[in-house]
Amino acid sequence: MSFDLLTTVETGGCSAKIPPRQLEELLKDLHLPADPRILVDISTHDDAGVYKINDETALVLTTDFFPPLVSDGYDFGLIAATNSISDIYAMGATPLVALNIMMFPSSRIPMEVYREILRGGNDKAQEAGVSIIGGHTIDDYPPKYGLAVIGTVHPDRVITNAGVREGDELVLTKPVGTGIILAGHRLKMTTPGQLAAAVLTMKQLNNRGAELMARHSIRGATDITGFGLAGHALKMARASGVTIELYMKNVPLLDGTYSLAEQGCIPGAAFRNLDYTEGETLLADGLDYTLKMIAHDAQTSGGLLMAVAPERSDKMLRDLHSSGHPEAAVIGKAVRRREASLILA
């Protein structure tokens with residue numbers, strides 16, 4: 001069925017998130033439950049919540065959904081499911097079951113598109129070993145899709161954004177630039193190959209990265225999504241009580257990202273993310289404006305940003321390169337807490 005989902009939206013994927021500064025303001029007075037079984041809640045703005053069942057098992061719970069960011073319904077389903085499941089991997093957990101979340105305008109878009117979105121989500125869930133056991137749909141325009149996912153982890157092996165330690169090196173598993181590439185596609189500024197590469201990376205599960213984090217005893221990580229590389233690194237630094245330095249020239253980029261941004265193809269979400277980080281960020285002398293904005297580009301279904309002890313980083317990179325992440329790179333380090341939480345160099 002040929003129907004272009006991009007005709008229904010102006011902003012799709014994780015670029016559709018509420019700006020992080022506004023979101024934190026909304027949440028700051030929310031009452032948090034006092035329950036010793038809650039191991040991770042919203043106080044550190046982590047990727048998922050964690051609830052201890054017993055000494056051997058904790059549940060990891062997350063949900064994510066967004067409007068279309070690609071034209072094809074099947075690809076949209078694949079990307080949305082990959083993005084939703086990623087939060088479970090970022091916590092070092094194994095995803096188990098999920099529920100579909102769908103908003104779809106049944107009178108405005110052919111129902112065959114609805115089926116293709118669900119088929120994509122189901123196929124990606126099966127690839128991840130996740131069983132979709134139900135869901136909920138409302139009639140709404142524009143369409144939106146995602147999953148609520150539950151996984152499990154040993155309570156002593158939870159990986160959080162508060163687990164970064166001074167001296168750790170920051171390893172990124174996927175290239176960035178999806179927001180810029182998708183914006184460039186809508187403006188007819190990209191090549192088919194550039195778009196295809198962005199779609200491919202958004203459909204890649206972070207399961208191998210999660211397996212390697214367990215193997216290398218990683219305790220601090222997050223996945224890079226709507227708040228951009230800078231926004232998520234800032235949250236890690238805050239939660240961990242360190243300062244994170246990012247070396248932007250080491251950050252792997254999707255083909256076309258730099259040239260598009262240099263030409264001014266910078267989505268609005270990047271400026272909202274910059275507004276969030278700039279009060280706590282130090283920019284190194286000579287930092288390229290284009291790289292600064294790329295650091296704030298809202299990613300959809302991005303890679304894992306993991307804090308690795310320096311003596312393990314070379315082995316971690318070799319393992320990532322041999323397991324489907326050839327562009328994984330060391331892009332920064334954690335240092336003693338300074339006045340700025342984040343340094344872009």
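Nothing in this text is a laboratory measurement; each read-out follows from the coordinates by a stated rule. Everything numeric in this text was worked out from a predicted model, so none of it was measured. Cβ placement follows ideal geometry from the backbone for every residue including glycine, while neighbour counts extend to all protein chains displayed.
Structural remarks
- GNM remark for the chain: springs join alpha carbons under 10 Å apart, and the peak mean-square fluctuation among Leu170, Leu26, Leu195 falls on Leu26.
- The simple spin-label model puts a point 7 Å past each Cα toward its Cβ; for His154 and Glu278 those points are separated by 4.6 nm.
- GNM result for the chain, Cα springs below 10 Å: residue of Ala230, Ala307, Ala183 fluctuating most strongly: Ala183
- Phi angles of the stretch 153-170 translate, via the Karplus equation with coefficients 6.51, -1.76, 1.60 and θ = phi - 60°, into HN-Hα couplings of 7, 5, x, 8, 10, 5, 9, 10, 6, 9, x, 6, 10, 3, x, 4, 9, 9 Hz per residue; Gly and Pro are given as x.
- Taking amide hydrogens as placed 1.01 Å from N in the peptide plane, the amide H of Asp47 sits under 5 Å from those of Asn161, each at least 5 positions away in sequence or on another chain.
- Taking the helices alone, the chain has a mean residue ellipticity at 222 nm of -10500 deg cm²/dmol, built from -39,500 (n - 2.57) per DSSP H run of at least 4 residues and averaged over all its residues.
- Rounded to the nearest whole Hz, the Karplus-based 3J(HN,Hα) values (6.51 cos²θ - 1.76 cosθ + 1.60, θ = phi - 60°) of the stretch 48-53 follow the sequence 7, x, 10, 10, 6, 8, with x at glycine and proline.
- Placing a label point 7 Å from the Cα of Glu339 along the Cα-to-Cβ direction, the residues of the stretch 215-243 whose backbone N falls under 17 Å of that point are 243.
- Which of Val149, Val308 has the fewest Cβ neighbours within 10 Å, and the rest in rising order: Val308, Val149
- Burial order of peptide ranges 135-147, 63-75, 100-112 (average beta-carbon count within 10 Å, highest first): 63-75, 135-147, 100-112
- Spatial separation of Cα centroids for the stretch 204-233 and the stretch 271-345, in angstrom: 11 Å
- Three-way shape label, the stretch 81-180, alpha-carbon gyration tensor, a/c 1.5: prolate
- GNM top mover of Val60, Val97, Val50 - the chain, alpha-carbon springs below 10 Å: Val97
- Gyration tensor verdict on the stretch 184-232 (Cα atoms; rounded if a/c is under 1.5, prolate if a/b is larger than b/c, oblate otherwise): oblate
- Remark on Ala329: its backbone amide H falls under 5 Å from those of Leu172, a criterion applied only to residues 5 or more positions apart or on other chains, H modelled at 1.01 Å from N.
- The stretch 231-240 - phi-based ³J(HN,Hα) in whole Hz, Karplus 6.51/-1.76/1.60, Gly and Pro as x: x, 6, 5, 4, 4, 4, 4, 4, 5, 9
- Classification of the stretch 169-344 by its C-alpha gyration tensor yields an oblate form. The axis ratio a/c (a ≥ b ≥ c) is 1.5 or more, and b/c is at least a/b.
- Spherically averaged projected area in nm², based on the convex hull that wraps the Cα atoms of the chain: 16.8 nm²
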